[in-house]
Protein chains: 2
Amino acid sequence: MPRKITMADIADMAGVTKSTVSRYFNGGYVKESTRERIQEITREYNYEPNAFARLKARESNVIGVVVPTLNSKVTSRVVTSIGRYLRGQGYETLIKDSDHSPELELKNMQRLMTLNVDGILVSAITITPELREAIESCPVPVVVLAQEYPQGTVVVADDYGAGRAMGAYVGRTGPRRVGYLGVEESDLAVGISRRQGVLDGLREHGDPEVVALQGDYSYESGQRMAEEVLENGPVDAMICATDRLAFGAYLVLERHGLRVPEDVSVAGFGGYDESALLKPPLTTLKFDSYAMGYLGAETVLKMIRGEPVPKKQIVDYTFIEGKSVRER
Amino acid sequence: MPRKITMADIADMAGVTKSTVSRYFNGGYVKESTRERIQEITREYNYEPNAFARLKARESNVIGVVVPTLNSKVTSRVVTSIGRYLRGQGYETLIKDSDHSPELELKNMQRLMTLNVDGILVSAITITPELREAIESCPVPVVVLAQEYPQGTVVVADDYGAGRAMGAYVGRTGPRRVGYLGVEESDLAVGISRRQGVLDGLREHGDPEVVALQGDYSYESGQRMAEEVLENGPVDAMICATDRLAFGAYLVLERHGLRVPEDVSVAGFGGYDESALLKPPLTTLKFDSYAMGYLGAETVLKMIRGEPVPKKQIVDYTFIEGKSVRER
DNA sequence: CTGAAAGCGCTTACAG
DNA sequence: CTGAAAGCGCTTACAG
C-alpha cells in the first residue's frame, strides 16, 4: 500500500514549494512553465488536494446537507440534484443522514458547523426548538428544504396548494364521506399544510364528511389507516398524503372486495413511477424535487457570496390524472 | 453569527490545555475532576471536535462510501445500513455519489484516498481498469460491494444462484419461448451472472428458446425491451433483470392485450414493495441489502484493525412468490 | 512570479 | 495527570 501523496510531494517533484502548488490549485499567480510542470505531475499521480485540510482557508468549498432519511424517493432526487449542481460549481457535498431521528438531526447540524462547511442545506422531518436554535446560531448560511421556517430562507413545495387542488379534484366528484390518510403533525409541511389544503379543497366542493387519520410514512401504516377508515363506515374516497400510503389503501380495498374507483376513489401525492402501474393508475401529483435541490444549492451559494436571495421559494408540482378517482 | 468554537476555546474555559481536551476525546489520561469540567463545558456548547482536522491522528474515524447513484432503492438500503453500523461504532460516513458516471466513480475513489479516510466501501456499476488500479493502489482497506472483484474483498448478492432459482421456477412451468430483459454486460453482477443463472435454470427445466436483450435500468428501457421481444414473436414468459424492468413489461403487455400470467408469465428481481401491488402481484426475489451494508461496514472495520476477514461474503435472498407466473 | 513563515484545529510523543 | 512543542496537509499575507 503506497503512502498517500501530499501537496509537499507534488511540490518536491515539481521543484517548487508547496506555496506555489497551493496557488496553482487556488488560482494564484504561477508562471506558465511552472504551471505546466505542476499540471503534469498532478495528472500523473492523479493528485487532488485534501479538501478537509484547508483549515486555514476562508472557504472550505464544502456544503453540508442533512437529510431525514436516504430511503425516500423524494430525498434521493433532492440530494442527487444538489450534488449535481454543487459539483458543477466546484463544491463538495457532505451528506449527513439523520435516519429518522430528531436527535441525529440536531447532531448532524452541529457537527456540520464544526466541520467548517461553507453552508448548510437542511431537510428535517421536524424543526424542534433545539434544531431551530442550532440553525439560528449557525455561523454559516443555512437554507431549509421542504419545511416552512419563517425565521429563515426556505425552498418548499406548495403543499397547501397541491392539497387544495387534489381536495377540489376529488370534491368535484361529489363524495359524501372521505377518508384522509395522513401523517403526524410534527411534519408541518405534509402533516398540516397538505392536509389543510385537502380539507379546504373538499369544503369548497360539496363539503363532505371527512375522517382524517394520522400514521407514519410506511406501506403498513397506509394499510392500517385504510382499515381504520373502513371500520368507521363506508367512504366514497380515500385521499392519501403520499403515494406509498395509497399503495396500502389499494391493498386493503382489494381485500375488502371494493373496486377502485367504482366503489371508492383513491388519490395520492408523490407521483412515483410505480403509481402509474397500479390498476387502475393512481391519480396523484408530483412535486419537482429536482428543482428543490437545485434551487436550494443555488441559494446557499448565493448567500455565501453575499448576494440577495428570496426568503422563500416555492417549487411547482404536476397533476397526474390516473383512473383512480371516480368520474362525477 | 457566532464564531465557530474550537478545542482551544473549550480548553480555555476549562482552564486546561488543548492537549488535555484532546486526550479527553481520545480516551487518554484525564483526572476525574478535569474530565467533569470539560464534559460540562462540552455539553453546554454542544461541542464536538472537527473530525476532519485530525490530520495528525493515526486514524481519522471516517469511512468513505462511493455509490453508483442515490436514486436506487437498493443503494438507499445499503447506505442506510452502512451508516447505522458505522455510527454505532463511532465512525463517520462520507458518501460520494458517482451519479452513474464511471469518471466520477474513479474520481470519488481517488478523492476519498486523499481525504485520509480509514477505509473505503465502493459500489460501482463497472470496475474499469482505472478503478481497479485505484483500488489496488489504495493505501487503506477497500471492500467492494455488489460486484465480483476477484483481486479483493467483496460482499455480493448471490446473483447467479438467484438467477438460476428464478430460471428454474419459470422453466418448470414449461414455456417454449422466453424473453429475457437484461442490462449491459459492463455490470458483471446483474448483466452477466444473473442472466447466466437464469439461462442455466431454464436450461435445466425444458430448455426453452430464449430471446435475451440488454438495456439500461429504467422503466422506459423495460418497455422498449418488452416491445422488442414481442416483435420477435410470441413468448410464454418474460424474465426481467429488475422489478423496474418488469414494471415496463407489464405496461407493454397490457397495451398488447396480453394477460399476465395467462398469456405471458412475468418475473423480476428486487422485491420492491410496489411489486406486490401490481395486478397480478409480481413474482420476484429480494436481496438482503441491509445485510450487504452491514457486512461491508463490519468487514472494512475488521480490516482496519488487522483482523482476518473472508475474501468473499454472499448475502442471501428471499423468493417472493406472486401471481405473475403461470402455474404449470 | 516564488518562497519562508505563521497559522488553521487537531494529535501525539515526551517531559515533568 | 498535564503541558509545551512539533507536526498533519493545507492556505495566506508578506517579502523579495
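Each value in this text was obtained by applying a stated rule to the coordinates, not by laboratory testing. Computed from a predicted model, the values in this text were never measured in an experiment. Don't worry about glycine lacking a Cβ; one is built from the backbone with ideal geometry, like all the others, and counts go over all protein chains shown.
Things worth noting here:
- Shape call, the protein assembly as shown: gyration tensor on alpha carbons, a/c limit 1.5: oblate
- Beta bridges per DSSP, both residues in chain A: antiparallel share near 10 percent.
- Between the alpha-carbon centres of region B:236-289 and region B:127-162 there is a gap of 30 Å.
- Backbone geometry of region A:160-174 corresponds, through the Karplus equation with coefficients 6.51, -1.76 and 1.60 at θ = phi - 60°, to 3J(HN,Hα) couplings of 5, x, 5, x, 5, 4, 5, x, 5, 4, 6, x, 4, 7, x Hz, x marking Gly and Pro.
- Across the identical copies, how the B:Glu209 labels are spaced - nm, sorted shortest first, 7 Å along Cα→Cβ: 6.2
- The relative contact order of chain A, computed from alpha carbon pairs under 8 Å that lie at least 6 residues apart in sequence, is 15 percent.
- Rounded if a/c under 1.5, otherwise prolate or oblate - region B:63-145, Cα gyration tensor axes: oblate
- Solution diffusion estimate, µm²/s, Stokes-Einstein, region A:159-287, Kirkwood Rh from C-alpha pairs, 25 °C, viscosity 0.890 mPa s: 177
- Neighbouring Cβ atoms from other chains, within 10 Å of the Cβ of residues in B:135-143, number 2 on average.
- Across region A:187-316, C-alpha contacts under 8 Å between residues 6 or more apart give a mean separation that, scaled by the residue count, equals a relative contact order of 16 percent.
- Distance violations [Cα-Cα > 22 Å] among A:Lys96/B:Lys73; A:Lys4/B:Lys96; A:Lys73/B:Lys96; A:Lys56/B:Lys18; B:Lys73/B:Lys286; A:Lys31/B:Lys107: A:Lys31/B:Lys107
- Legend: mean number of C-beta atoms from other chains within 10 angstrom of residue C-beta atoms, peptide A:46-56, equals 5.
- Using a Förster distance of 51 Å, the FRET efficiency for B:Arg305-A:Lys279 (Cβ separation, nearest 0.05): 0.45
- Taking θ as phi - 60° and the Karplus parameters 6.51, -1.76 and 1.60, the scalar couplings of region A:70-80 work out to 9, 8, 8, 4, 5, 4, 4, 5, 4, 5, 4 Hz in sequence order, x denoting glycine and proline.
- Alpha-carbon centroids, region A:29-56 and region A:70-104: separation in whole Å: 29
- Across the identical copies, the 7 Å label point of A:Glu307, projected outward along Cα→Cβ, sits 5.1 nm from its counterparts, in ascending order.
- Site pair B:Arg132 and B:Glu184 shows an inter-label distance of 1.8 nm when each label is modelled 7 Å from Cα along Cα→Cβ.
- Shape call, region A:7-49: gyration tensor on alpha carbons, a/c limit 1.5: rounded
- Each copy carries a label point for A:Glu130 at 7 Å from Cα along the beta-carbon vector; from one copy to the others these points are 4.5 nm apart, nearest first.
- Placing dummy labels 7 Å off each Cα toward the beta-carbon, the span from A:Glu204 to A:Glu262 is 3.3 nm.
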